[in-house]
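The values are calculated or read from the model by the stated rules, or taken from the named source; none is laboratory data. All values derive from a computational prediction rather than experimental measurement. Cβ coordinates were reconstructed from backbone atoms using ideal geometry, including for glycine residues, and neighbour counts include every protein chain displayed. Protein only, heavy atoms only, side chains kept; ligands, DNA and RNA dropped before computing areas. Shrake-Rupley method; radii C 1.70, N 1.55, O 1.52, S 1.80 Å.
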Amino acid sequence: MSFVVTARKYRPQRFDEVVGQEHITTTLKNAITSGRIAHAYLLTGPRGVGKTTTARILAKTLNCENPHDAEPCNECEMCRSISTGQLIDIIEIDAASNRGIDEIRTLRDSVRYAPSKGKYKVYIIDEVHMLTKDSFNAFLKTLEEPPEHIVFIFATTDVHRVPLTILSRCQRYDFRRIQLNTIKALLLEIAQKESITIDDKTLTLIARKADGGLRDAESYFDQVVAFCGKDVVYETVIKLLNVIDNDLFFDISDAVLSKNFKLAFEVADTLYKNGWNYTDFVDQLTEHFRNIMVAVATGSVTLIEAAEIYKVKYKQYAEHFLENDLLRILTFLGKLGQELKYSQNHKLKIEIALSQLIGFEKTATISGLIDAAGADNGSSGEPVRREPAQAAFVQERAPAPAPKASMTSFIAEDPVPAQPVSPPAKTAPQENATLDSISARWEEFVNQLAAEKPGVFSAFAQSLKPVAFTKSVLQVEVFDTDAMHMLGQKAYLDYMNTKAFTFFDTKISIKLSLSEKATSRDIKASNSPKKAGKKVDSNDPMAKFIQDNLGGEPIA
């Protein structure tokens, strides 16, 4: 006898043998037991998950002479003839090659004839979505009210292309992708029956390659056995199927922990030499860190689809990764997958991305830093109290004496004091500060400014007068145009606001306005013909400043 592929040799012959679709097989068995048999069924789902197999078992059960618990006996004449495809009452049609209206008219005409031997004449139409629009329309009336001895079973992988008028006339059953562990268990059972040695890592690799399709998994299994013989080796299967070794992803996660940047270039070179798809690599790397996230977040590996040897490694990672770090990594890999589509040099992109991934630093939470600070205090468990660095700097260094003012410092002076100054003694908080309370201490405030910055405020601060205070805004009137020009600069205003907050212990925003009585100085050279012989007022603060600090003398 010629070789029969595994998918055909081990095709299920009973509902109980259909794996991963218990929600459908149980419903069909209950319907047969209770006699609630519909005239049309629509089986949908991915490829290779048991749609056609279930349709054949249903057709066999409906015509079985000795059914037991809604299962075919597979021993009677009807079951044997159906299994060998000899019963003319079971008609299988491929809609991909019989999609025209003429074929549907022929089918519609044959429906009127009763079954030759069995109880039901069953029409199994595979890939029904391939029928044309006219074919569907010609089939509507027959599908809605067929004879009692007719049962239609439709199968499709693209239910969205089936018209709603067809869907409304059928009982719909959605098949699921088969879980990885279920595929592994079935392949292991087949391997034992065929006396084939295969390990768990290889079974996992084949099951993942099948992507939820049992028929695909069995096809890969036949391919692997044909290459390896009775002893299937994981390293050989990796090369045969040209899939990325899972150990590569664990090397990357280890490199993230050890900061091994060299591995980024080695991995990119390995991908390039083996011809592996870079997009598939990013997707599998994302799933790898997703598995680590599952192990860290749940503390278990039951939700991870991987070989048992890899589950142990994932569980060990739970002690080395934090959820926040894994979220950053997963977000980064998600963006990488999008950017890779538009990259011209995939190898270079992967090298840079892996280097960035390995360079990620661990995040630290505030609570963790507090706990670490508490641990520094020894057995007491209390956090260590430390003075702020700036406060310590002020206490260690005594304030330096103010330098003698010069014309340069007078014209362009740094608004921030060059040397740290001890803060003045604070009074009681001025939560309800008023214009009167500010005016009462204004002279003291101005004198403090003059002491700290003698170059400018000694000359101009006396020309400032608070006139209004509303909603933290202090309106200050200026009686000197030069003072208005100088102190109105942002640097000086910010300095005054900072000092006012410290002095008055309340938030104050100073706003300057030039008084209508403001005067303007016009200091020019002594040989000016218009000013010669004019006597300078000795009470003028500008003149007083020049005489006291710069050695000037009034011109007679």
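Data overview
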read-out	value
Residue match in region 237-246 (condition: under 24 Å from the mean Cα position of the chain (by Cα) and either closer than 22 Å to Ala207 by Cα or in contact (Cβ under 8 Å) with a residue 24 or more places away in the chain (or both))	yes
Test: residue in region 33-46 that is outside any loop (DSSP other than H, G, I, E, B) and over 45 Å from the mean Cα position of the chain (by Cα)	yes
Given (1) of a type in the set (Ser, Thr, Tyr); (2) over 23 Å from Asp200 (Cβ atoms); (3) open to solvent by less than 30 Å² (accessible area, probe 1.4 Å), number of the condition Ser253 does not satisfy	(2)
Criterion: among the hydrophobic types (A, V, I, L, M, F, W, C), within 24 Å of Thr363 (Cβ to Cβ) and at pLDDT 90 or above - qualifying residue of Leu348, Leu326, Leu322	Leu326
Residue list for region 22-38, filter: touching a residue at least 12 places away in the same chain (Cβ under 8 Å) and open to solvent by 70 Å² or more (accessible area, probe 1.4 Å)	Asn30, Thr33
Any hit, region 355-373, residues being touching an Asp or Glu at 6+ places or on another chain (Cβ under 8 Å), at pLDDT below 90, of a type in the set (Phe, Trp, Tyr) and surrounded by fewer than 18 Cβ atoms within 10 Å (Cβ to Cβ)	yes
Positions within region 271-313 being of a type in the set (A, V, I, L, M, F, W, C), assigned to a helix (DSSP H, G or I) and crowded, with 17+ Cβ neighbours inside 10 Å, in sequence order	Leu271, Phe281, Val282, Leu285, Phe289, Ile292, Met293, Val294, Ala295, Val296
Selected residue (criterion: most open to solvent (accessible area, probe 1.4 Å)) from residues of region 215-232 that are farther than 20 Å from Ile244 by Cβ and touching a helix residue (DSSP H, G or I) at 6+ places or on another chain (Cβ under 6 Å)	Arg215
Looking only at region 314-338, and only at residues there that are of a type outside the set (A, V, I, L, M, F, W, C) and assigned to a loop (DSSP other than H, G, I, E, B), the one that is farthest from Ser253 (Cα to Cα)	Glu319
Cβ-Cβ under 7 Å pairs, at least 6 apart or on other chains, region 330-350 side within 18 Å of Glu266 (Cβ to Cβ), far side hydrophobic (A, V, I, L, M, F, W, C) and surrounded by 10 or more Cβ atoms within 10 Å (Cβ to Cβ)	His346/Leu340; Lys347/Ala268; Lys349/Leu340; Ile350/Ala268; Ile350/Leu271
Within region 256-266, considering residues that are in contact (Cβ under 8 Å) with a residue 40 or more places away in the chain and out of contact with any Asp or Glu (no Cβ under 7 Å at 6 or more places or on another chain), the one most open to solvent (accessible area, probe 1.4 Å)	Phe261
Those residues of region 482-520 which are touching a residue at least 40 places away in the same chain (Cβ under 8 Å) and in a helix (DSSP H, G or I), in sequence order	Asp482, Ala491, Tyr492, Asp494, Tyr495, Met496, Lys499, Ala500, Thr502, Phe503, Phe504
Residue among Val49, Val4, Val19 that is loosely packed, with under 14 Cβ neighbours inside 10 Å and part of a loop (DSSP other than H, G, I, E, B)	Val4
Test result for Leu348, part of a helix (DSSP H, G or I) and open to solvent by less than 60 Å² (accessible area, probe 1.4 Å)	no
Some residue of region 194-212 being among the charged types (D, E, K, R), free of Cβ contacts under 8 Å to residues at least 24 places away in the same chain and open to solvent by 60 Å² or more (accessible area, probe 1.4 Å)	no
